[in-house]
Amino acid sequence: MLGLFDTGGSGDTGGTVRAPLAARMRPRTLDEFVGQDQIVGPGRALRRAIEADAIPSMILWGPPGTGKTTLAQIIAAQTGAHFSALSAVSAGVADLRRVVADAAKLKAAGRRSVLFIDEIHRFNKAQQDAVLPYVEDGTVTLIGATTENPSFEVNSALLSRSRVFVLNALGDDDVRTLLERALADPERGLGGSGAAIEPAALDALVNLANGDARVALGTLEFAAAAAPLDAAGVRTIGPATIAEALQKRARTYDKGGDGHYDIISAFIKTVRGSDPDAAIYYLARMIESGEDPLFIARRLVILASEDIGLADRHALPLVMAAQQAVHFVGMPEGFYPLAHATIYLATAPKSNTVGRAYGAALADVTQTRNDLVPVHLRNAPTPLMRKLGYGAGYKYAHTDYAQMDAAGDAPPAAELQPNLPAALRGRYYVEPTRQGDEARLRAWFDERRKGSS
């Protein structure tokens, strides 16, 4: 029986250093595999393909610690295939050629080969292209693992010859199962080592692991080694030991990957949806994960015009002030103006009038003739231009309209000079809603457009 700090191997010389707990506890069969029922549960297509020994080349896409490598190893073992693993971080074309040469010999002998490429998204186009012919002719069955969206990171030719299976972060019950299994297993885990864990500590570890089995098991192993030994020879792991071992919650946010885009998308949509609680939550997620605060500020500036706009005329100036405040104050205190602006925008009346107006005008710009500017609106800096009538008939708003007053009220459209090209007269692009300040603007527009043709 191996103790907590014993090495593996055999013989009196001590053998080799024992593998980490996460590697030792790796499931060996589909029945031991925890989670991912959506792809390997009973009756699912991938499970049926494995059981029928008819596996396709595939890309396993999911967060860290969700079982991608384990599943690849199980597939190879259960189908009796030779398993070769490469890491795209360190492998090159020469390594691929070596593996493929071995696979070709095995193919001639009637044996299938599984080529597992971890972090396949790190292979460049040439390296991915080098795999393609051997996937096509069946020399290898490719299983690629990636934490990045394969639609963007895997060549379309390789992707078209592979099935994509999405692995989800493990649920809390799945992580708990793996931890309890490791604590009880006397052969590969911590069973018989004298390690025990308090229920509150187990709950904390499950929560903090964030669905990452590797983080959960690695933290458990470290905590077991760090826990104090009592008189009975038991190392009891408490919540404080878990907190010290893990330090911080495992996070899946990646400023350059899908996590980045998913969280900022959620942030934008919850502000737009007037949900300040969700908006401030996603803001905290981004800040705690190290997102550039000025990136967040830029998104808030866009939101202020795109989704609030004229419904609250204070929104854009306030957000610009927040951007300046973040730039001036810096982090960590910069979260105050960012939170201030986020809550303000989330609770402000919403309108997309600005975007709709620009889109409608742009449609006419791109889909109709770009006629000359009406003569009365043209600049006339030279005698020739004045002779040609440039500027003639232009009405100066401050003196030529009797109804113009200090409040800025404009006369009805019937009394106004036409300013759009002749082909577009009567077109209205700005259509205010009745939200917030736009209710007043709506009345102004309605009055202004009376009698227009």
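None of the figures in this text is laboratory data; all of them are computed from the coordinates on show. Not measured: the values here are computed from a predicted model. Every residue, glycine as well, gets a Cβ built from its backbone with ideal geometry; the counts of neighbours run over all protein chains shown.
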Item checked: Translational diffusion coefficient (Stokes-Einstein; Kirkwood radius from C-alpha pairs) of region 108-254 at 25 °C, 0.890 mPa s, in µm²/s -> 135
Item checked: Estimated translational D of region 271-408 in µm²/s (Stokes, Kirkwood radius over Cα pairs; 4 °C; 1.567 mPa s) -> 70
Next item on the list: Compute the relative contact order of region 120-175 as a whole-number percentage, counting only Cα pairs closer than 8 Å that sit 6 or more residues apart in sequence.
Entry: 42
Next item on the list: Give the angle, between 0 and 90 degrees and rounded to the nearest 10, that separates the Cα long axis of helix 68-79 from the longest principal axis of the Cα atoms of the chain.
Entry: 50
Next item on the list: Find the relative contact order for the chain and round it to a whole percent, using C-alpha pairs within less than 8 Å whose residues are 6+ positions apart.
Entry: 11
Note to self: For region 176-312, compute the orientation-averaged projected area of the C-alpha convex hull (one quarter of its surface), in nm².
What the structure shows: 10.3
Notebook entry, point to check: Using modelled amide H (1.01 Å from N, peptide plane; none on Pro or chain starts), what sits under 5 Å from the amide H of Arg112, excluding residues fewer than 5 places away?
Noted result: His82
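If you count, for each residue, the other Cβ atoms within 10 Å and average over each peptide, how do 326-333, 267-274 line up from highest to lowest?
For the peptides 326-333, 267-274, the packing ranking is 267-274, 326-333.
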Check: Taking the highest mean first, how do the peptides 58-65, 369-376, 355-362 order by number of other beta carbon atoms within 10 angstrom per residue?
Finding: 58-65, 355-362, 369-376
Note to self: Students often get this wrong, so try it: which of (1) 32.7, 109; (2) 24.0, 80; (3) 29.4, 92 is Rg and Dmax of the Cα atoms in Å as calculated from the structure shown?
What the structure shows: (1)
Notebook entry, point to check: What residues qualify as long-range amide H neighbours of Gly144, i.e. H under 5 Å apart, gap of 5 or more or another chain, H built at 1.01 Å from N?
Noted result: Met58, Ile59, Leu60, Ile117
Next item on the list: Give the total of Lys-Lys pairs in the chain with Cα-Cα distances below 21 Å; include a pair only if its members are 8 or more places apart or on different chains.
Entry: 4
Notebook entry, point to check: Give me the Kirkwood hydrodynamic radius of region 258-347 in Å, from all C-alpha pairs, to one decimal place?
Noted result: 12.6
Check: Between Trp444, Asn168, Leu372, whose Cα lies farthest towards the positive end of the dipole of the chain when Lys and Arg beta carbons carry +1 and Asp and Glu beta carbons carry -1, centred on the Cα centre?
Finding: Leu372
Check: Which angle between 0 and 90 degrees, to the nearest 10, do you get for helix 276-288 versus the longest principal axis of the chain when only C-alpha atoms count?
Finding: 60
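So if I place +1 on the C-beta of Lys and Arg and -1 on the C-beta of Asp and Glu, and nothing else carries charge, what would the dipole magnitude of the chain be about its Cα centre? I want it in debye, nearest 20.
Values: 48 positive and 51 negative charges, 357 e Å.
Using only the charged Cβ atoms, the result is roughly 1720 debye.
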